[in-house]
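Please treat every number below as a calculation from the coordinates, not as lab data. Predicted model only: the values in this text are computed from it and were never measured. Ideal geometry is used to build each Cβ from the backbone, glycine not excepted, and the neighbour counts take in all protein chains shown.
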Amino acid sequence: MKFNINQPNQALKEELLHKINQKTKPLGALGLLEPIALQVGLIQNTLQPQLSNPALLVFAGDHGVVEAGVSPYPQAVTAQMVLNFLQGGAAINVFARQNNMQLRVVDAGVNHDFDVHPDLIHAKVGSGTRNFLQEPAMSLEQCEQALAIGAALAEKEISSGSNVLGFGEMGIGNTSSASCLMSVLCNLPIEQCVGRGTGFDDAGLARKTAILKQALSQHQLQEGNAMQALATFGGFEIAMMAGAMLGAAQNNAILLIDGFIATSALLAAYHLQPNILHYCVFAHCSGEAGHRQLLAHLGAKPLLDAGLCLGEGTGAALAYPMVQAAVNFLNEMASFESAGVSEKSEADA
C-alpha cells in the first residue's frame with residue numbers, strides 16, 4: 001500500500017514562533033501548549049488555526065492468542081464492551097460527551113455479529129485473528145485490507161468536516177499484540193515491552209511474558225518490517241487503526257494518540273511513513289509497563305501522565321481540551337504590544 005505523507009510546510013514557522021513568544025507571558029511559560037500551538041499552526045499552514053468537528057474512532061477486534069492464556073478476561077468481553085459503547089455507558093462515552101467529540105465505534109474484527117446501530121461502523125475483516133503462538137495472526141492480504149479500510153474511514157471523517165481525530169481501541173488480548181509489535185519494531189526484549197494488561201498478578205504476568213517470548217522466537221521476524229510484524233502479531237483493530245492514522249495524516253489532520261495499544265499502531269504506521277509523527281499529538285503516558293519506553297523511542301512528549309491504562313481512546317478525549325487551549329491562546333491571548341505590557345528588558349536578561 002502507498003501512503004503519501006509530507007512534512008508540514010515550514011514557511012510560517014518563524015512567524016508562528018514570534019506570535020507565541022509575543023504573548024503576555026514569559027518565554028515558554030505555557031509549557032507543552034506552546035509546541036502544540038506551533039505544530040497545529042504548521043499542519044494547517046496558518047497563523048490562526050482552528051479545530052473543527054473532533055471525532056474519536058474506537059476500533060474493536062478479537063485476538064486468537066487469548067486462547068493461550070495471555071489475558072485474565074475471556075474473549076467475550078470485547079463484544080460486551082462494544083455493546084457498552086453503543087449504549088453510552090463506557091468511560092469513553094462520558095469523556096467524548098463532555099468534550100463534544102463525535103464517537104465512532106468500528107467493528108474491525110470482533111467475534112460477534114452486531115445489529116445495525118447509528119454509531120457502529122461494520123468493517124469486519126474477520127471474526128478475530130488467529131492464535132499467533134501457532135501461526136500468523138492474519139494474512140498479508142487481510143492486513144492490507146485492514147489498513148485500506150482504516151484509511152478510508154479517516155478520510156470520510158475529514159471529508160465530513162473533521163480536522164482532528166482521536167484513536168482508541170477495544171480488544172481482549174491486544175496488549176499482547178502491542179507488546180510483540182514493540183519488541184520487533186523497536187528491537188527490544190519482550191521483558192521490556194510486556195505489562196499486566198487487564199490486571200494480571202505477578203504469576204500471570206510471568207506466564208504472559210513466557211508465552212509472548214515463545215511466539216517471538218517461533219516467528220523470527222526481520223527487524224523493522226512493519227507489514228510482516230502487523231500481519232504476524234497484530235489485531236484487526238490495530239492494523240485498521242494504523243491505516244486510519246496514515247489516512248488522517250495524509251489529509252493533514254491532527255492525530256490524538258491514546259495509550260499503549262494506539263501507540264503500537266502508530267509505531268507500525270511510522271515504519272511505513274515516518275513523516276506521520278509531524279501530525280501526532282501524544283495524549284498521555286499510560287500505566288502499561290512498556291508505554292513510556294515506546295514514547296521515548298518515538299521521541300514523543302505526552303500531554304498527560306495520570307496513570308491511565310484503560311484504552312478506549314480515553315486519554316485522547318481527556319487531552320483534547322489541552323489542544324483546544326493551545327489553539328485558543330494562540331488566537332485569543334493578547335500580545336505585549338496590544339495589551340500595553342512591558343516586555344523583559346535586555347538588562348534583566
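Before moving on, here are some points about what is shown:
- Measuring nothing but how far apart in sequence close Cα pairs (under 8 Å, 6+ apart) lie, relative to its length, the chain scores a relative contact order of 24 percent.
- Pair residue 222, residue 336: separation of 7 Å Cα→Cβ label points (nm): 5.5 nm
- The C-alpha atoms of the chain define a longest principal axis, and helix 174-186 lies at about 70 degrees to it.
- Largest GNM mean-square fluctuation among 108, 96, 11, using the chain with Cα springs under 10 Å: 11.
- Label point distance in nm, residue 191-residue 113, each placed 7 Å from Cα along Cα→Cβ: 4.7 nm
- All aspartates and glutamates inside 19 Å of residue 19 as judged from Cα atoms, apart from same-chain residues fewer than 8 positions distant: 34, 332, 337, 343
- Computed [θ] at 222 nm, helices only, for the chain once each DSSP H run of length n ≥ 4 contributes -39500 (n - 2.57): -14000 deg cm²/dmol
- Rounded if a/c under 1.5, otherwise prolate or oblate - the chain, Cα gyration tensor axes: prolate
- Normalised by the number of residues in the stretch 92-184, the mean separation of alpha-carbon contacts (under 8 Å, six or more apart) gives a relative contact order of 17 percent.
- Relative to one another, the C-alpha centroids of the stretch 202-275 and the stretch 39-71 are positioned 13 Å apart.
- Residue 100 paired with residue 122, simple spin-label distance in nm, labels 7 Å along Cα-to-beta-carbon: 3.3 nm
- Less than 5 angstrom separates the built amide H of residue 123 from those of 107, all sequence-distant by 5 or more or on a different chain.
- Normalised contact order of the stretch 28-177, rounded percent, pairs of Cα under 8 Å and 6 or more residues apart: 38 percent
- For the stretch 55-328, size of Cβ-based charge dipole, Lys and Arg +1, Asp and Glu -1, in debye: 400 debye
- HN-Hα J in Hz across the stretch 100-116 - Karplus 6.51, -1.76, 1.60, θ = phi - 60°, x for Gly and Pro: 6, 9, 6, 9, 10, 9, 10, 7, 7, x, 7, 7, 6, 9, 8, 6, 5
- Arranged from fewest to most other beta-carbon atoms within 10 Å of their beta carbon, 232, 263, 129, 46 become 46, 232, 263, 129.
- Percent antiparallel among DSSP beta bridges (both partners in the chain, rounded to 5): 5 percent
- For the residue pairs 25/301; 124/208; 2/208; 156/301, alpha carbon separations beyond 24 Å are given by 124/208; 2/208; 156/301.
- Once the Cα-Cα distance is subtracted from the 0.36 nm per residue extended length, the residue 76 to residue 213 segment shows a gain of 46.8 nm.
- Among 119, 201, the ranking by other beta carbons within 10 Å of each residue's beta carbon, starting with the fewest, stands as 201, 119.
- Chain lengthening between residue 296 and residue 83 when straightened (0.36 nm per residue, less Cα-Cα): 73.2 nm
- Where a label projected 7 Å from the Cα of residue 13 along Cα→Cβ would reach, residues of the stretch 35-54 with amide N under 20 Å: 35-49
- Crossing angle, helix 236-250 versus the chain [Cα axis fit, 0-90 degrees, rounded to tens]: 30 degrees
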